[in-house]
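Contents: one structure, followed by commentary.
The values are calculated or read from the model by the stated rules, or taken from the named source; none is laboratory data. Keep in mind the model is a prediction, meaning the values are calculated, not measured. Quick reminder, even Gly has a Cβ in these numbers, built from the backbone with ideal geometry, and neighbours come from all protein chains shown.
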Amino acid sequence: MKHTKRLLAAVMAFAMVSAIAPMSAFATNVTPDTDGKPSPATAGFEVKYDVDPSYTVTIPAGVDITTGDKTASITLDEGALLAEGTKIEVVLEKGAYTTTGNAFTAKTASGNSSASYQINGGNVKVGDVVASLDKDTLSADLTFSRTTTIAPTYAGTHSEVLTFGIAVKEAVKAETLLTTLTFGGSSTYSETTSGVVSVTATNVTDYDATFGWLWYREGSLSVTAKEGYTITKCVFIQNAKTPITDTEAPFEIHSTRGKITEDTKHAMDGVTSIEVYGYAN
């Protein structure tokens, strides 16, 4: 009986020692270096948070052009937060009485008398983007003027409510010449690459210094963008002949019996170079 009590006490003591031993919430393996000493431990730890877009676009309540032209400014607040490369576009969607064109109409409350006016000297019409705003362009002006296109029938207040739409738009990226691929010198062909695109050949085995690729047998050349680039068009060229421009993916050209199938007018019978246009993402 005494022996049993001693054994129990020993088990309890071991449990207590285990409970107070330090514990690690995160473990990092340390591998000994060649000299037997531990090498420095490294670990990647990322801290991040998202910032939501925040902006205020102010459109004035209206203008009174009874005594002459008036200008109203559409503004973006100076503290606006937008994603990089985006703009705020304000579109004049419609008027209460004007649904198309640049000749705007104001009417009396009864609708029995109309008077005409224009915006920015007639250069603004329904559907136009009237403001394109970002951190560098915080305002756009609209000038309203009376015209004599429609003569009012009665005296009194003539007005029209205009509706504007506001949207976030990505900036249009300019198309540039990304690279010019010039083939030559090799008797076999499988793939040609540049820093921004790859050109893959199908059933192309013969190259000729005068005719280029695709001059002899059936085959195709296909151009694809590498990561980080977008292709907008490819121009397939054979020396002084009229080039073939492809503006839609897949950007490729084909040959059968020594003739380029996409060329139905000029009998282009090979490809000596390809101009690739687009932009960096």
(request) Filter the strands (runs of 3 or more DSSP E) completely within the stretch 235-281 down to those with at least 3 residues that are farther than 26 Å from Ala174 by Cβ. (result) 251-256
(message) So in the stretch 77-108, with the set limited to residues that are in a loop (DSSP other than H, G, I, E, B) and of a type in the set (D, E, K, R), which one is farthest from Val168 (Cα to Cα)?
(response) Glu78
(message) One residue is enough: does the stretch 90-100 have a residue meeting the conditions in the same structural domain as Ser159 (by TED's automatic domain parsing), on the phi > 0 side of the Ramachandran plot and surrounded by fewer than 16 Cβ atoms within 10 Å (Cβ to Cβ)?
(response) no
(message) Can you find a residue that is assigned to a loop (DSSP other than H, G, I, E, B), over 24 Å from Val57 (Cβ atoms) and either in contact with a strand residue (DSSP E or B) (Cβ under 8 Å, 6 or more places away or on another chain) or at pLDDT below 95 (or both) anywhere in the stretch 109-126?
(response) yes
(request) Can you tell me which residue among Ile65, Ile74 is under 23 Å from Lys169 (Cβ atoms) and either surrounded by fewer than 16 Cβ atoms within 10 Å (Cβ to Cβ) or in the same structural domain as Pro152 (by TED's automatic domain parsing) (or both)? (result) Ile74
(request) Among the residues of the stretch 201-246, write down those that are of a type in the set (S, T, N, Q) and modelled with pLDDT under 80. (result) Thr202, Asn203, Thr205, Thr210
(request) Taking the options Ser145, Ser54, name whichever one is small (Gly, Ala, Ser) and farther than 30 Å from Tyr279 by Cβ. (result) Ser145
(request) Look through Ala151, Ala155 and report the one residue that is small (Gly, Ala, Ser) and modelled with pLDDT of 95 or more. (result) Ala155
(request) Scan the stretch 43-75 for residues that are within 31 Å of the chain's Cα centre (by Cα) and of a type in the set (Ser, Thr, Tyr) and jot them down. (result) Tyr49, Ser54, Tyr55, Thr56, Thr58, Ser73, Thr75
(message) So, in the stretch 247-281, exactly how many residues are at pLDDT 85 or above and of a type in the set (D, E, K, R)?
(response) 3
(message) Can you find, within the stretch 230-244, the residue that is farthest from Trp213 (Cα to Cα) among those that are surrounded by 14 or more Cβ atoms within 10 Å (Cβ to Cβ) and β-branched (Val, Ile, Thr)?
(response) Thr230
